[in-house]
Amino acid sequence: MTPELIGLVVVLVIVAIVVIAVVVRRRPGGGELPAEGGKPQLKPGGEEKARPKPGPAPAAEEHRERETVKKAEARPKGEREAGEARKAEEKKRAEEEKRERAAAEARRAEEEKRAEEARRAEETRRAEERKAGAEEKRKRVAAVRKGLEATRGGLVAKLSRLFRGKKEISAELLSSIEEALITSDVGARTTDRLVGRVREGLSGKDLSDEGMVWEFLREEARAILSVPSEQPEMKKGEPYVILVLGVNGVGKTTTIGKLASRYKAEGREVVLAAADTFRAAAVQQLQIWGRRVPCEVVSGKEGADPSSVAFSAIEKAKAVGADVVIVDTAGRLHTKVPLMEELKKIARVLGKAQEGAPHEVLLVLDANTGQNANQQATTFREAAKVTGIALTKLDGTAKGGVILGICDEQKIPVRYIGIGEGIDDLRPFDPELFVSALFDDVGDVSAAA
């Protein structure tokens, strides 16, 4: 063997030994075995170069995925249950909210339905009330019209004949209207007012339009009859005192009896004071009404002081808890000064017996007396503060126009009108109803005329 060959073999052997040493010293994860002292052995000439790690094998990747799934599945059981419970609670809450919304919608629909039913029921009730009210008004108008037949056949028939066939206002027509009003006891002052209003309101207008003419007359009559008034209200526990005045023969005591019946029908207790002590018959007549109503009647001896009887009646009313005291007074001529002074005394005594009394001073007038009734009102209001008028016997006279003169000149409101003999024929006065009864359906009057 040649020396060159031997040298080559030696070199190969050394290289093999070095390679084996390197392989033996490599770490299991791909690093090199640590050198003596625990530090990695560095190559001569510098730091160890980083070597790329080999990528994971497919089997290792699958292994990691399985581990991830296992860890997810291995989450605490309480956490899973809590999540599931939360979802269930949210679902339950959503369902409850849905049910609540549905219930609220149902309630709202039911409320709207009930409200609509209530509205319709109220409309029906009001319609029935209007119908009943209209029917009641029709009956009342018919009753008053029946009581005013004489006046309608007098004053209204005269005016109807005057306007019939006329085209315009003339001096001759105005003169005829004035005559018709005067002869119907409307009174001179009120006649002047009405004639002046006719001249102003109808001049230049076509009088052949009868509807327009009568509507004008209605408005004028309504304005005259609608006298403003204040009437004290009845107070619980305190008797409401009415002092009744009037001359002999006007129907004063009968009016008192009918008034008592009306109050009794309203559920009020009434005491009558027979303060007409000059006539035994007057006391007896009032006692008959007392039994008929029925109600208490306080009287004194014949010739006793009327004021003392009135005082005793108020004391009696307080004792029995009565609501109304109606005081009858002696019928007297309005020209008799001493008797008129006595009325002032009675009023003063009533005021001492009950604060604010008399609350109503009612003057009874007979429509048959025409303008004399207006004169009576003038005199009586000087003796006592007359607050209201009861105009009786309208059914028996053609002089019903006097009511216009009384309201226009005296400025005293009419409280009641008498249109018949029955208890219900004393009716509260309603200007609107009275005008309707007097002037509506004029064609019937015209035909009769």
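The values are calculated or read from the model by the stated rules, or taken from the named source; none is laboratory data. Note that the coordinates shown come from a computational prediction; the quantities given were computed from them, not determined experimentally. So basically every Cβ, Gly included, is an ideal-geometry build from the backbone, and we count neighbours across all protein chains shown. To get the accessible areas, we keep the full protein, side chains included, count just its heavy atoms, and leave off ligands, DNA and RNA. Shrake-Rupley method; radii C 1.70, N 1.55, O 1.52, S 1.80 Å.
In region 336-395, the inverse of the mean reciprocal separation of distinct Cα atoms equals 12.5 Å; this is its Kirkwood hydrodynamic radius. Report note on the peptides 363-369, 297-303: ranked by the mean count of other C-beta atoms within 10 Å, highest first, their order is 363-369, 297-303. Taking the longest Cα principal axis of the chain as reference, the axis of helix 252-265 is set at about 20 degrees. Listed by chain and number, the aspartates and glutamates whose C-alpha is less than 14 Å from the C-alpha of K252, apart from same-chain residues fewer than 8 away, are D276, D328, D366, E421. Summarised as an ellipsoid, region 63-204 has semi-axes of 96, 19, 11 Å, derived from the eigenvalues of the Cα gyration tensor scaled by 5 and square-rooted, with the largest first. Cross-link check: pairs K131/K166; K87/K113; K344/K411; K139/K258; K139/K167; K352/K393 evaluated at a Cα-Cα cut-off of 31 Å; pairs beyond the cut-off: K131/K166; K87/K113; K139/K167; K352/K393.
Only sites in a loop by DSSP and with at most 10 other Cβ atoms within 10 Å count here; which GluC sites (Glu not before Pro) in region 340-393 make the cut? Of the GluC sites (Glu not before Pro), the ones in loops of region 340-393 whose Cβ has at most 10 other Cβ atoms within 10 Å are E355. Compute the helix-to-body angle for 171-183: its Cα long axis versus the longest principal axis of the chain, expressed 0 to 90° and rounded to tens. Long axis of 171-183 versus the principal axis of the chain: about 80 degrees. For the chain, place one equal point scatterer on every Cα, skip the solvent, and apply the Debye formula. What is log10 of I(q)/I(0) at q = 0.06, 0.07, 0.09 Å⁻¹? Here log10 of I(q) over I(0) equals -0.48, -0.58, -0.76. Compute the acute angle (0 to 90°) between the alpha-carbon long axis of helix 3-25 and the principal axis of greatest extent of the alpha-carbon atoms of the chain; round to the nearest 10°. The answer is roughly 30 degrees. Per the 1.4 Å probe, what fraction of the accessible area of the chain, in percent, lies on carbon and sulfur atoms? Answer for the chain is 53 percent, counting heavy atoms of protein chains only. Here is the list for region 114-194: GluC sites (Glu not before Pro) lying in DSSP coil, each with at most 12 other C-beta atoms within 10 angstrom of its C-beta, are E168.
Considered as an equivalent ellipsoid built on the Cα gyration tensor, region 210-366 has semi-axes of 30, 19, 16 Å, the largest given first. Using the Kirkwood radius built from alpha carbon pairs, what does the Stokes-Einstein equation give as D for region 119-182 at 25 °C and 0.890 mPa s, in µm² per second? Translational D for this selection: 164 µm²/s. Calculate how many DSSP beta bridges within the chain are antiparallel, expressed in % of all such bridges and rounded to the nearest 5. Taking every DSSP beta bridge within the chain, about 15 percent pair in antiparallel fashion.
In plain terms, if you count all Cα to Cα distances in region 74-138 and split them into 5 Å steps from zero, the share in each step is 4, 13, 10, 9, 8, 8, 6, 7, 6, 5, 5, 4, 4, 3, 2, 2, 1, 1, 0, 0 percent. Rounded to the nearest 20, the size of the Cβ-charge dipole of region 227-268 about its Cα centre is 220 debye, with Lys and Arg at +1 and Asp and Glu at -1. Using equal-weight Cα scatterers in the Debye expression, the normalised intensity of region 348-439 in log10 at q = 0.16, 0.18, 0.23, 0.25 Å⁻¹ is -0.66, -0.81, -1.17, -1.32. Rolling a 1.4 Å probe across the protein heavy atoms gives the chain an accessible surface of 59 Å² per residue.
Highest mean first, the peptides 104-115, 276-287 sorted by other C-beta atoms within 10 Å per residue fall in the order 276-287, 104-115.
A protection proxy built from the mean count of other Cβ atoms within 10 Å ranks the segments 15-23, 412-420, most packed first, as 412-420, 15-23.
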